[in-house]
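The values are calculated or read from the model by the stated rules, or taken from the named source; none is laboratory data. Remember, it's a predicted structure, so these values are computed and weren't measured experimentally. Neighbour counts are summed over all protein chains in view; Cβ atoms, including those assigned to glycine, are modelled from backbone coordinates with ideal geometry.
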């Protein structure tokens, strides 16, 4: 019996390894993860050097300019990516129209962003240095106008071109930053480094797109189609904004109720979680086209793909959380120093929310495919409200640990409550629970074998 099971597992493994689509997904995942690791290491190292060379004052001015541009920059990056990818996967024959409409939408949002930025600079009476840096940084946002190319590669499962573009952009970014550090250059060079990496990445994507597509840039531009993207963009961006507030609420309440030192301890856990969570976001974006395709084939194929992705991101993030907990003490002590040892317990508690945030990432893509963007926004809002309520009781009792406990409780409840109020939501909850605690089917279906 054991030999038969081992032989069956061996044959299944060979079937997966020899399957072209499996190799394609595996290759693209490896490319994206490698690019993310390269970006993280490069960004952290050059960031440490820049902070040391510039000193607290200049480093603060630079980050202030980044934040000042980043707020109106949200208008230029309104989230329509999952919606556009879904359309490209479902209607490949309409590629020219979809990409042209997205181009117009990004162009309009960029122009609104620039007008908002100029108005904000004028109303806040910023000095000439901030004005110049803001305009340099804003120039980089022109790269988002050609985001259709980025989403085209995602829809066709050609993420390796995105990864290569990211690596090229990161290299240019590091070179400009290191040159500025060695030559003790002005802050403007650091701003050009930020803009350079965005524009270089876009230029690389254009190059790969022109090599891959037989009819590049033959897009159809319809203003009416671009305006239709506004509603899903607002709903998705609203949920993203609520998620941003979600994270910041703990920090604001901790500062007010405990003090700035507690914020310093707590922030370590949030930053580490953000780095780990990026890997689940990468997996979701890579496998989303497969989920959309499966939904067009059959309910069984669709359920199988969702089961696989939920299972994968949950247990991967759970393993990373366990690894972080295991090495939390030497990690904090060696990298941050003895004075940050009180951050260990908040880190251990907060990192437990990582698997739930990963589940939420998959849930967002499911709501996009099902046209349930209001449910997505409701889940984010519910979690944010619950987090504030829990903080009001937990922070006075447990301090920094209380804020971490509130997040661990609020994230899954924020998802559970909205889904419980509809038949489709309850059905999806059953799938979700089954996906977390049972192995998905790794047997390739007919539609997968034939690809």
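Mind telling me which of the residues 389, 344, 349, 385 ends up being assigned by TED's automatic domain parsing to the domain that holds residue 272, within 22 Å of residue 315 (Cα to Cα) and in contact with a helix residue (DSSP H, G or I) (Cβ under 9 Å, 6 or more places away or on another chain)?
On the way: 389 fails: within 22 Å of residue 315 (Cα to Cα); 344 fails: within 22 Å of residue 315 (Cα to Cα); 385 fails: within 22 Å of residue 315 (Cα to Cα).
That would be 349, the only listed residue that is assigned by TED's automatic domain parsing to the domain that holds residue 272, within 22 Å of residue 315 (Cα to Cα) and in contact with a helix residue (DSSP H, G or I) (Cβ under 9 Å, 6 or more places away or on another chain).
In this structure, residue 168 qualifies as without any contact (Cβ under 8 Å) to a residue 40 or more places away in the chain, under 18 Å from residue 28 (Cβ atoms) and surrounded by fewer than 21 Cβ atoms within 10 Å (Cβ to Cβ). The condition of being in a helix (DSSP H, G or I), touching a residue at least 24 places away in the same chain (Cβ under 8 Å) and under 24 Å from residue 114 (Cβ atoms) holds for residue 190.
In the condition set (1) surrounded by fewer than 18 Cβ atoms within 10 Å (Cβ to Cβ); (2) over 21 Å from residue 107 (Cβ atoms), residue 210 is compliant with all but (2).
Hey, any hits in the stretch 12-26 for a residue that's in a helix (DSSP H, G or I), at pLDDT 75 or above, under 24 Å from the mean Cα position of the chain (by Cα) and not assigned by TED's automatic domain parsing to the domain that holds residue 371?
Filtering the stretch 12-26 for residues in a helix (DSSP H, G or I) gives 12-17, 20-26.
Those still in the list that are at pLDDT 75 or above too: none.
Checked the stretch 12-26: no residue is in a helix (DSSP H, G or I), at pLDDT 75 or above, under 24 Å from the mean Cα position of the chain (by Cα) and not assigned by TED's automatic domain parsing to the domain that holds residue 371.
When each of 105, 62 is tested for being assigned to a helix (DSSP H, G or I), touching a helix residue (DSSP H, G or I) at 6+ places or on another chain (Cβ under 7 Å), in the same structural domain as residue 50 (by TED's automatic domain parsing) and over 24 Å from residue 223 (Cα atoms), the lone residue that passes is 62.
Only residues that are closer than 29 Å to residue 363 by Cβ and either in contact (Cβ under 8 Å) with a residue 12 or more places away in the chain or not in a helix (DSSP H, G or I) (or both): list them for the stretch 316-344, please.
Going through the stretch 316-344, the residues closer than 29 Å to residue 363 by Cβ turn out to be 316-326, 328.
Passing the criteria: 316, 317, 318, 320, 321, 324, 325, 328.
When we screen 249, 260 for residues that are farther than 29 Å from residue 112 by Cβ, modelled with pLDDT under 75 and not assigned by TED's automatic domain parsing to the domain that holds residue 40, the only hit is 260.
Does residue 157 satisfy the criteria of being more than 23 Å from residue 41 (Cα to Cα) and in contact (Cβ under 8 Å) with a residue 24 or more places away in the chain? It would help to see each step written out before you state the result.
Details: more than 23 Å from residue 41 (Cα to Cα): yes; in contact (Cβ under 8 Å) with a residue 24 or more places away in the chain: yes.
For residue 157, the condition - more than 23 Å from residue 41 (Cα to Cα) and in contact (Cβ under 8 Å) with a residue 24 or more places away in the chain - is met.
Within the stretch 115-145, restricting attention to residues that are surrounded by fewer than 18 Cβ atoms within 10 Å (Cβ to Cβ) and farther than 22 Å from residue 61 by Cβ, the residue that is modelled with the highest pLDDT is 115. Taking the criterion of being crowded, with 22+ Cβ neighbours inside 10 Å and under 22 Å from the mean Cα position of the chain (by Cα), the residues of the stretch 89-114 that qualify are 99, 102, 105, 106, 109, 113.
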